[in-house]
Amino acid sequence: MDLFVLPELEESGGHSPCAKLPPTLAGPSQTDTSLVSFRHMVQTFKHLHQNGRFRPRDCQAHQRLAVIIPFRNRKSHLLLLLNNLIPFLSRQQADVTFFLIEQLPGAIFNKGALLNIGYLEALKLGQFDCFIFHDVDLVPLNDKNLYRCGDNPRHFSVAINKFSYSLAYKGNFGGVVGLSMKQYSEVNGNSNLYIGWGGEDDDLLERVTNKGYFISRYSGELSKYDMVNHSRDKGNEPNPFRVKLLELARVRQEVDGLNSIHYSIHYNRTIKDMALFTLITVDIDNDR
Ligand code: UD2
Ligand code: MN
């Protein structure tokens, strides 16, 4: 079965590049906690094209963003996230496509593998400069926190309410991070071996520093987020091997990642062209 291809939007010929700092930014905000449905959002956010893509009308965005959301059974978080993130990225004059990478029930949750799949599948469907890997439960609170990639991988979710708006621990690289296409492929993506909760984000940090990158962060004021209160999910129990795996992160880097992943796309429910996001439902074989 052929994958559909994201339609190239008509060139907005003659448009000049968007301002470096969008004039539409509003600064600090609070999470909009209104309960909305997918249908309501489709009606409200009229600038959305199919598949969860939109871009500024009057200027050329600086980068094409793919927002990759690892997902299973968190619909209420997804509704909240999209209802906040769509206006947030619109104010940032972003050219963005949302990819929801949903893991089927059964196998233990594997966030690292889902992010790799998101990256690989997005590039089959369109062209992207910058990948924003985004936990579904994190809502940004300041639109000056510009979702753009730079010369080094960027950690966006620095100051989360759960950790009193400070970094959870030195070297934290979880939550929301941004890597250019080149950076993510150069580090061979995430490890696929962190089955269950924990460690895959620390492993990614090992990978990027091993390739000579630094982690870029905006100031704490800009990098504020609310995390939805949640307990540990069934099927994503802490991985008892995570500390051991991390010790050999750099040794495995070249053979564990984008170049070694095994998955199958579940076509019945998959890659639907929906207004709010491109849905990719996958079966991950954690044993291969
Ligand atoms: C931390 C990290 C997170 C990840 C995790 C360890 C921060 C702010 N967050 O979050 O990035 O590294 O630890 O694995 O440092 N998910 C589902 N369904 C599930 C399980 C997970 O959708 O059943 C997705 C969802 O996008 C969620 C993400 O995976 O936000 C991370 O899982 P979590 O929220 O349970 O982990 P948490 O909050 O400890
Ligand atoms: Mn969480």
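If you average the C-alpha positions of segment 163-192 and of segment 212-236 separately, how far apart do those two centres end up, in angstrom? If we compute the Cα centre of each part, the gap is 9 Å. Ordered by the number of other Cβ atoms lying within 10 Å of each residue's own Cβ, fewest first, Glu237, Glu200 fall into the sequence Glu237, Glu200. Look at Leu65, Leu193, Leu120 and count the other Cβ atoms within 10 Å of each Cβ; fewest to most, that gives Leu120, Leu193, Leu65. Across the options Phe38, Pro105, Gln93, the greatest Cα extent toward the positive end of the charge dipole of segment 6-113 (unit charges at beta carbon of Lys, Arg, Asp, Glu) belongs to Pro105.
Summing Cβ point charges (Lys, Arg +1; Asp, Glu -1) relative to the Cα centre of segment 60-195 gives a dipole of roughly 220 debye. Projecting the Cα positions of Pro28, Asn83, Asn152 onto the charge dipole of the chain (unit charges on Cβ atoms of Lys, Arg, Asp and Glu, taken about the Cα centre) puts Pro28 furthest along the positive direction.
Working from the pairwise distances between different alpha carbons, so that the mean of 1/r is found and then inverted, what is the chain's Kirkwood radius in Å? Kirkwood radius, the chain: 19.2 Å. Computed about its Cα centre, the charge dipole of the chain is approximately 500 debye, with only Lys, Arg, Asp and Glu carrying charge at their Cβ. Computed over the chain, the per-residue total of -39500 (n - 2.57) for DSSP H runs of n ≥ 4 gives a 222 nm mean residue ellipticity of -6500 deg cm²/dmol, rounded to 500.
Legend: ranking of residues Val136, Val36, Val255 from fewest to most surrounding C-beta atoms inside 10 Å; resulting order Val255, Val36, Val136. Charged side chains reduced to their Cβ positions (Lys and Arg at +1, Asp and Glu at -1) give segment 173-246 a dipole of some 100 debye around its Cα centre.
Which pairs, out of Lys170/Lys224; Lys75/Lys234; Lys162/Lys244; Lys46/Lys182; Lys46/Lys75, put more than 24 Å between their alpha-carbon atoms?
Values: Lys170/Lys224 16 Å; Lys75/Lys234 15 Å; Lys162/Lys244 27 Å; Lys46/Lys182 32 Å; Lys46/Lys75 22 Å.
From Lys170/Lys224; Lys75/Lys234; Lys162/Lys244; Lys46/Lys182; Lys46/Lys75, over 24 Å: Lys162/Lys244; Lys46/Lys182.
Since every read-out is calculated from the coordinates, none of them should be taken as a lab result. This is a predicted model, so every value here is computed, not measured. For neighbour counting, all protein chains shown are included, and Cβ atoms are generated from backbone atoms with ideal geometry for every residue, glycine included.
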